[in-house]
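Let me begin by presenting the structure, written as structure tokens, before commenting on it.
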Amino acid sequence: DAGVTQSPTHLIKTRGQQVTLRCSPKSGHDTVSWYQQALGQGPQFIFQYYEEEERQRGNFPDRFSGHQFPNYSSELNVNALLLGDSALYLCASRPPSSSSYNEQFFGPGTRLTVL
Amino acid sequence: AQSVTQLDSQVPVFEEAPVELRCNYSSSVSVYLFWYVQYPNQGLQLLLKYLSGSTLVESINGFEAEFNKSQTSFHLRKPSVHISDTAEYFCAVISSGGYNKLIFGAGTRLAVHP
């Protein structure tokens, strides 16, 4: 069983460009969250997708948008890239459950460098 | 709103020595607490968690953490570290009534020296 996969592994863009990052959740998982981890910092929550809808959002500008597909995979789009968007972008998925907590499984991340 | 403070950005230690990585949290509601580990060029792996019950929780590789509600702390300890424990460690919280949004601390880099 493959875990959470992300593509691409690394990406280099220039300021002002747009980027799309992709995430395939672990098998059986239906909820996907995205996190941004800047160098030397802890991950910060960007947003979460469930049933193809954005369910919760962190403190990120509208330049950050996402999408979830019927197969539960997800995309993170960032428009008008800034130097400060350089970071490791992590995707996490979790299974459906009625309990208040379910473990999230993280992918290896996409390293985005903005020049 | 919740927040997490990891009191040490870096902890150097010799192999086989004990170590403690400190974590304090702030929250007005009940929380679940976690420690994640990140090895170089990898994603995050869950090391251990506190959801309820016994305040002392253990991992399979010898780490333990104790939830202290009065001090709002969740410090991570290991009595004898190995070179392979060298990694970045993140403390995190989830509010018990939310959508499992993780709030992370800034991380502590554990460097184990021979």
> If ligands, DNA and RNA are left out, what is the accessible area of residue B:14 with a 1.4 Å probe, given in Å² to the nearest 10?
Replying inline: 140 Å²
> Where is the GNM fluctuation largest for chain A (alpha-carbon springs, 10 angstrom cutoff): A:76, A:11, A:88?
Replying inline: A:11
> Can you give the accessible area per residue of chain A, in Å², using a 1.4 Å probe?
Replying inline: 47 Å²
>> Test of the criteria: in the range A:1-98, which GluC sites (Glu not before Pro) are in a DSSP loop and have at most 12 other Cβ atoms within 10 angstrom of their Cβ?
In response: A:51, A:52
>> What figure, in Å² to the nearest 10, do you get for the accessible area of residue A:13 with a 1.4 Å probe and non-protein molecules left out?
In response: 50 Å²
>> Amide H of residue B:31 versus every other amide H placed in the peptide plane: which residues, excluding those fewer than 5 positions away on the same chain, fall under 5 Å?
In response: B:96
>> Which one, B:39, B:99, B:50, has the greatest fluctuation when you compute a Gaussian network model over chain B with C-alpha springs under 10 angstrom?
In response: B:99
> Using the Cα gyration tensor of the range A:61-114, with a ≥ b ≥ c the square roots of its eigenvalues, what is the shape: rounded (a/c below 1.5), prolate (a/b larger than b/c) or oblate (neither)?
Replying inline: prolate
> If you count the DSSP beta bridges with both ends in chain A, what percent of them are antiparallel, to the nearest 5?
Replying inline: 90 percent
>> Tell me the accessible surface of residue A:67 in square angstrom (1.4 angstrom probe, heavy atoms of protein chains only), to the nearest ten.
In response: 80 Å²
> So, with a 1.4 angstrom probe, what is the percent of accessible area on the protein assembly as shown that is carbon and sulfur?
Replying inline: 49 percent
>> Checking the a/c ratio against 1.5 first, then a/b against b/c, what shape does the Cα gyration tensor give for the range A:5-114?
In response: prolate
> A plus B alone minus the pair: what accessible area, both sides summed, probe 1.4 Å, in Å² to 100?
Replying inline: 1700 Å²
> Which whole-number value in Å² is the accessible area per residue of chain B, probe 1.4 Å?
Replying inline: 49 Å²
> For the range A:1-63 and the range B:1-76, what is the separation of their C-alpha centers, rounded to whole Å?
Replying inline: 24 Å
>> Can you list the residues in the range B:1-33 whose accessible area drops by at least 30 Å² when all protein chains are present, compared with the chain alone? Use a 1.4 Å probe, heavy atoms only.
In response: B:32
>> Can you tell me, using C-alpha contacts under 8 Å and at least 6 residues apart, the relative contact order of chain A as a whole percent?
In response: 36 percent
> Around residue B:107, which amide H atoms from residues at least 5 apart in sequence, or from another chain, sit under 5 Å from its own amide H, with H modelled in the peptide plane?
Replying inline: B:6, B:91
>> Give me the one-decimal nm value for the distance between modelled label points at residue A:15 and residue A:67, 7 Å along each residue's Cα-to-Cβ direction.
In response: 2.9 nm
> With r defined as the distance between the Cβ atoms of residue B:66 and residue A:39 and R0 fixed at 35 Å, what FRET efficiency is calculated, to the nearest 0.05?
Replying inline: 0.70
> With θ set to phi - 60° and the Karplus curve 6.51 cos²θ - 1.76 cosθ + 1.60, what are the ³J(HN,Hα) couplings of the range B:28-38 in order, to the nearest whole Hz, using x for Gly and Pro?
Replying inline: 9, 10, 5, 10, 9, 10, 9, 10, 10, 10, 10
> Just by accessible area at a 1.4 angstrom probe, what is the order of A:65, B:84 from largest to smallest?
Replying inline: B:84, A:65
> Given +1 on the Cβ of Lys and Arg, -1 on the Cβ of Asp and Glu, and no further charges, what dipole in debye does the range B:24-114 carry about its Cα centre, rounded to the nearest 20?
Replying inline: 160 debye
> Got a sec to turn the phi values of the range A:29-34 into Karplus ³J(HN,Hα) couplings, 6.51 cos²θ - 1.76 cosθ + 1.60 with θ = phi - 60°, whole Hz, x for Gly and Pro?
Replying inline: 8, 10, 10, 10, 10, 10
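The values are calculated or read from the model by the stated rules, or taken from the named source; none is laboratory data. For clarity, every value in this text was computed on a predicted model and none was experimentally measured. Here Cβ is always computed from backbone atoms with ideal geometry, including for glycine, and neighbour counts include all displayed protein chains. When the accessible area is computed, the model is the full protein with side chains, heavy atoms only, and any ligands, DNA or RNA have been set aside. Shrake-Rupley method; radii C 1.70, N 1.55, O 1.52, S 1.80 Å.
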